[in-house]
Amino acid sequence: MNIFEQRESNIRAYCRVYPVIFETAINARQTDDQGKEYIDFFAGAGVLNFGHNNPRMKAAMIAYLQSNGVTHSLDMHTTAKREFMETFVTTILEPRGMSHKMQFMGPTGSNAVEAALKLARRATGRLHIAAFSHGFHGMTLGALACTANQYFRGAAGVPLEHVTHLPLGSEKKGADSGLAALAQLRENYLDPSSGIERPAAFLVETIQAEGGVNIADRSWLQALAGLAKEIGALLIIDDIQVGCGRTGSYFSFDDLDIDPDIICLAKGVGGMGTPLALNLVKPEYDKLWSPGEHTGTFRGQNLSFVAGKEALSYFENDALMQTVNAHAQTMNNALAPLAQQFADIDVRGKGMIIGLDVGSGERAKQIVNTCFEKGLLIASCGTGGRVVKLIPPLTIPAADLQEGLDILVATTQHVMEAV
Ligand code: PMP
């Protein structure tokens, strides 16, 4: 028995899917301690948008450490933080005319969601949050109450209250059904005798990543944004997994013509697995915070600011986003024939997040396990784990992308033909 089996908590999970010991990693490849290489279509659950050991980030962090740059500073001012913030403002916020403030918290997505929920409740004086079926927002109690998955909710040990889950108006279901449901909801909210309370906020992912790569319909999202405004609720976009360039532009909602009150970011925003989370908050809401009210020891780690600033440099021109669009095309070209060949398969996605829905968790598991044996790291998501999710680093070389797709397509064909 190795140290992990002997001593690591039973809670360990991904290491059971990939039962090797990884030693090194560069861009979209990881190598285990026996020297076997794997192509990475998982990218740390959407963290490593810019690859493992990104050379620009690595060099910047080494230089920062060698100059005795401050590594830990709570939320004190540092040069690293100033440079990250200035770059974020000039690269991301100003070009979009966004006046949002940047709130840093403990470096997890869950913590960002917690902060957003607190502020929405304060801003409106309301208790309820409207979240969506199949949504994933984290594991701490407030965020978990918004997460839909029963397996995770079951671990809470206390009632998860004050959140209502509504159906997502997805592209797959079509605009009409989503809009009809929203119209009904609107009637209920506006009717003082419906018994249905208006929420403090709508918390939504534009693409439900863990939930099975469910893409929210554009007109539904716009109607939701309109409804939020009409009833005085905040619109919170959880862009934790699908932001930071994943869909072909910095925010997943850049082309959706909506104006969120709070945007939650984490995962990729810190660069290369260097943890960082932040909320972008409209100033009229941000001013409702008192100093230190949502505190935390690790609010903005300086190495994450240094690496995160390098990540922002990818958005100073559109080279990477053009690559994302080209890679997305390659991914779709490889997977579309599977959907034609097998009635049970559905392929959906935007930019470089693509879900290969194979109709059953058992099949998806076989595909994930066989891909692993053949040297491809990929994971499943969605109800019963039936969707194989492709989220490779955006910086993956074209040859690695093709090699990984070849493994995935051959494996999927084999598994689908066997059952
Ligand atoms: N929101 C979304 C959309 C996520 O995908 C995740 C993580 N999978 C979270 C929130 C929670 O982030 P963390 O695991 O860093 O707490």
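In table form, for the structure just shown:
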item: Centroid-to-centroid separation of segment 134-171 and segment 33-93 [C-alpha atoms, Å]; result: 30
item: Convex hull (Cα only) mean projected area of segment 329-419, reported in nm² to one decimal; result: 5.2
item: With all protein chains modelled, accessible area of HIS327 [1.4 Å, Å²]; result: 20
item: Residue-count net charge about ILE196 - beta-carbon cut-off 13 Å; Lys, Arg +1, Asp, Glu -1; result: 0
item: Environment charge of THR78, counting only residues whose C-beta is closer than 14 Å and scoring Lys/Arg +1, Asp/Glu -1; result: +1
item: Positive-end extreme of charge dipole, the chain - chosen from PHE22, SER133, MET76 (charges on Cβ); result: MET76
item: Shape call, the chain: gyration tensor on alpha carbons, a/c limit 1.5; result: oblate
item: Relative contact order (%) - segment 131-229, alpha-carbon pairs under 8 angstrom, separation at least six; result: 31
item: Cross-link reach list, lysines versus LYS374, counting only Cα pairs under 20 Å and skipping chain neighbours closer than eight places; result: LYS36, LYS365, LYS389
item: Contact order normalised by residue count of segment 58-315, Cα under 8 Å, 6+ apart, percent; result: 29
item: Reciprocal of mean inverse Cα separation for segment 73-160 (Kirkwood radius, Å); result: 15.3
item: Partner lysines for LYS118 [C-alpha distance under 20 Å; skip if fewer than 8 residues away on the same chain]; result: LYS101, LYS229, LYS282, LYS287
item: Shape of segment 140-293, Cα gyration tensor, a/c cut at 1.5; result: rounded
item: Gyration tensor (alpha-carbon) shape descriptor, segment 1-149, a/c threshold 1.5; result: oblate
item: Neighbour net charge for ALA266 - beta-carbon separation under 12 angstrom, K R +1, D E -1; result: -2
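The values are calculated or read from the model by the stated rules, or taken from the named source; none is laboratory data. Note that the structure is predicted; figures quoted are calculated from it, not measured. Methodologically, a virtual Cβ is constructed for each residue, glycine included, from the backbone with ideal geometry; neighbour enumeration extends over all protein chains shown. Only protein heavy atoms, including side chains, enter the accessible area calculation; ligands, DNA and RNA are left aside. Shrake-Rupley method; radii C 1.70, N 1.55, O 1.52, S 1.80 Å.
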